[in-house]
1. Mind checking which pairs have a first residue in region 1-25 that is among the polar types (S, T, N, Q) and a second that is open to solvent by 30 Å² or more (accessible area, probe 1.4 Å) and in a helix (DSSP H, G or I), Cβ under 8 Å, 6 or more apart or different chains?
2. Within region 1-27, can you find the residues that are part of a loop (DSSP other than H, G, I, E, B) and either at pLDDT 95 or above or open to solvent by 30 Å² or more (accessible area, probe 1.4 Å) (or both)?
3. Of the numbered conditions (1) open to solvent by 60 Å² or more (accessible area, probe 1.4 Å); (2) in contact with a Ser or Thr (Cβ under 7 Å, 6 or more places away or on another chain); (3) assigned to a helix (DSSP H, G or I), residue 153 fails exactly one; give the number of that condition.
4. Taking residue 57 as meeting all but one of (1) assigned to a helix (DSSP H, G or I); (2) in contact with a helix residue (DSSP H, G or I) (Cβ under 8 Å, 6 or more places away or on another chain); (3) free of Cβ contacts under 8 Å to residues at least 60 places away in the same chain; (4) surrounded by 14 or more Cβ atoms within 10 Å (Cβ to Cβ), write down the number of the exception.
5. So, residue 64, is that one among the hydroxyl-bearing types (Ser, Thr, Tyr), touching a helix residue (DSSP H, G or I) at 6+ places or on another chain (Cβ under 8 Å) and touching a residue at least 12 places away in the same chain (Cβ under 8 Å) or not?
6. Using the structure shown, decide if residue 69 is open to solvent by less than 50 Å² (accessible area, probe 1.4 Å), of a type in the set (Gly, Ala, Ser) and either assigned to a helix (DSSP H, G or I) or within 18 Å of residue 128 (Cβ to Cβ) (or both).
Amino acid sequence: MTELISDREARKYLRAIIKMYPNSEGSLLWDTRFHLLCAVLMSAQTTDRMVNRIMPEFTEKFPTAFELSQASISDIEAVINRLGLYHSKAEHLRKMAKQLVKEYDGQVPDTMEALTSLAGVGEKTASVVLSDGFKIPQIAVDTHITRITKAFKMVPENADAHEIKLYLQNLMPKKEWIELHHALIYFGRNNYPARKKHEDPRNFIEAK
């Protein structure tokens, strides 16, 4: 069994990563909380860059949940068909929009419980919406954050996204959660992508 590093060491590395990417923000393009929710939902197994390419047309055709709820699946697919899993995403988007209209008067709710009750919205998507859309501190654990925390031996190899989220949020002050979330993602993309996951991640902090 791999020995995990101490909380003190973990904080040192996490703060070093924050220092590498100070004041970092999310890379998805959005203008309203509704479009943020849609963008994050569409970003599953697709790069933010690909989602950003379709967002101008998406926001124009579906400015609010009301328009999206009334759209046909084929109309939605015509806009998002460059994305992976676009068939299921179109279905989730329309169902989610119908829920917003029926239950929240078309507005995006601001609680984890309410957000995760929406079609296609899991804990990660809800965490991004809460942190970026409402500035409610959350750490949204994606594949980058999972890879990094395991590579540093902060968490066990079998830790899931929810367990990693709880670990990080218990470890770091709430005021640092949003910045840490974004910094870890940029560190993963730029310094420690999947192809380097067998290397020692400390090398990339020291090299910086």
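1. 23/179; 24/179; 24/186
2. Matches in region 1-27: 1, 2, 3, 4, 5, 6, 21, 22, 23, 25, 26, 27.
3. Residue 153 satisfies every listed condition except (3).
4. (4)
5. Yes.
6. yes
The values are calculated or read from the model by the stated rules, or taken from the named source; none is laboratory data. Worth saying up front: this structure is predicted, and the values here are computed from it rather than measured. All Cβ positions, glycine included, derive from the backbone under ideal geometry; neighbour counts span all protein chains shown. Ligands, DNA and RNA are excluded from the accessible area calculation, which covers all protein heavy atoms including side chains. Shrake-Rupley method; radii C 1.70, N 1.55, O 1.52, S 1.80 Å.
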